[in-house]
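S.K.: What follows is a structure written as structure tokens; I'll ask about it next.
The values are calculated or read from the model by the stated rules, or taken from the named source; none is laboratory data. All of these numbers come straight from a predicted model, not from anything done at the bench. Cβ placement follows ideal geometry from the backbone for every residue including glycine, while neighbour counts extend to all protein chains displayed.
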Amino acid sequence: MTKIENTRPVGIFDSGLGGLTVVKAIQQALPSENLIYFGDTAHLPYGDKSKETIIQYSTGITDFLIKRDCKVVVIACNSASANAYNEVVNKAGKTVPVINVIDPVVEYITETDSKAVGVIGTKSTIDSNMYTEKIHNKKKGVYVASMATPLFVPMIEEGFIFDDVSNSIIRNYLSRREISSIDSLILGCTHYPIIKNQINKFYNFEVDIIDSGKIVAESLRKLLVEKKIINTATEKGHNKFYVSDITRYFTLIARMFFEEAIELEKLNFWK
Ligand code: DGL
């Protein structure tokens, strides 16, 4: 591989601002990489869409990222990872690898001593049963309890994060029987790390809360090393963010995430 190829950007996408939790972790683990992020805010939430629709949006975004010369595609969305991974891999083609957010987390959890795993996510992720199947394929005998928490994404996208509204919704969902008696909880939606502190508080810090950010960033690092396409530059990478619709809280929450102002552009290639 030539050095030129190593500077090609890493493409990352989500339905909205949830994927920023993955971007943040990638930035910390791989500061030299150039990143292109696409948040499909015009079609959010993906969590209540059909498989066909999620495939249509995800492959459309992949096409865009490939045209922008991305060297790898990171599906920073569980709903898209659960419903459109194969189609995204096909669209990306043989030369551009794809990372989803589910496999690295499954790998991670099955290497821990956890015996009772809870999984929360959007309806489309939970209905796919992907986490349960993949965990059981790797490790028999682990108890997996999963539950959809569909109000979390609109709550976060609307900026209800550190207040009574979010606390009461979190309490209501997490105190349900379906998800009781667990020793670890997978945040099966990339939006949820934004409310990780409140979730930790709900459990009195007694349940191990697992979010995909760092785990996925580490898996990306390994892949870039293995494929010899890691950016070895010493300066900080350039990051460009696209959204299909400008929403009030995207900019606000993005500002909360990154110290400096981000380069954000509206781009709706479906229109
Ligand atoms: N952040 C996305 C996920 O990880 C989904 C949010 C949505 O429903 O659009 O599943």
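S.K.: So, in the stretch 205-222, exactly how many residues are basic (K, R) and within 16 Å of the ligand (Cβ to nearest atom)?
M.R.: 1
S.K.: Condition first: within 11 Å of the ligand (Cβ to nearest atom), part of a helix (DSSP H, G or I) and not aliphatic (A, V, I, L, M). Can you find one or more residues in the stretch 90-113 that meet it?
M.R.: no
S.K.: Can you tell which of S124, S146, S184 is within 14 Å of the ligand (Cβ to nearest atom), of a type in the set (S, T, N, Q) and over 30 Å from L252 (Cα atoms)?
M.R.: So the residue among S124, S146, S184 that is within 14 Å of the ligand (Cβ to nearest atom), of a type in the set (S, T, N, Q) and over 30 Å from L252 (Cα atoms) is S146.
S.K.: Then there is this: Restricting to the stretch 100-117, what's the tally of residues that are more than 23 Å from S180 (Cβ to Cβ) and of a type in the set (A, V, I, L, M)?
M.R.: Residues flagged as more than 23 Å from S180 (Cβ to Cβ) and of a type in the set (A, V, I, L, M) within the stretch 100-117 amount to 2.
S.K.: Restricting to the stretch 168-192, and then to whatever is modelled with pLDDT of 95 or more and farther than 18 Å from A145 by Cβ, can you tell me which residue is surrounded by the fewest Cβ atoms within 10 Å (Cβ to Cβ)?
M.R.: So the residue we want is S168.
S.K.: If only one of F250, F162, F202 is within 16 Å of the ligand (Cβ to nearest atom) and farther than 24 Å from E111 by Cβ, which one is it?
M.R.: The conditions single out F250.
S.K.: Do you know which residues across the stretch 132-145 are touching a Ser or Thr at 6+ places or on another chain (Cβ under 6 Å), not in a helix (DSSP H, G or I) and not β-branched (V, I, T)?
M.R.: The one that is touching a Ser or Thr at 6+ places or on another chain (Cβ under 6 Å), not in a helix (DSSP H, G or I) and not β-branched (V, I, T): K139.
S.K.: Let me ask another. Show me the strands (runs of 3 or more DSSP E) found entirely inside the stretch 1-86 where at least 2 residues are β-branched (V, I, T) and within 14 Å of the ligand (Cβ to nearest atom).
M.R.: 72-75
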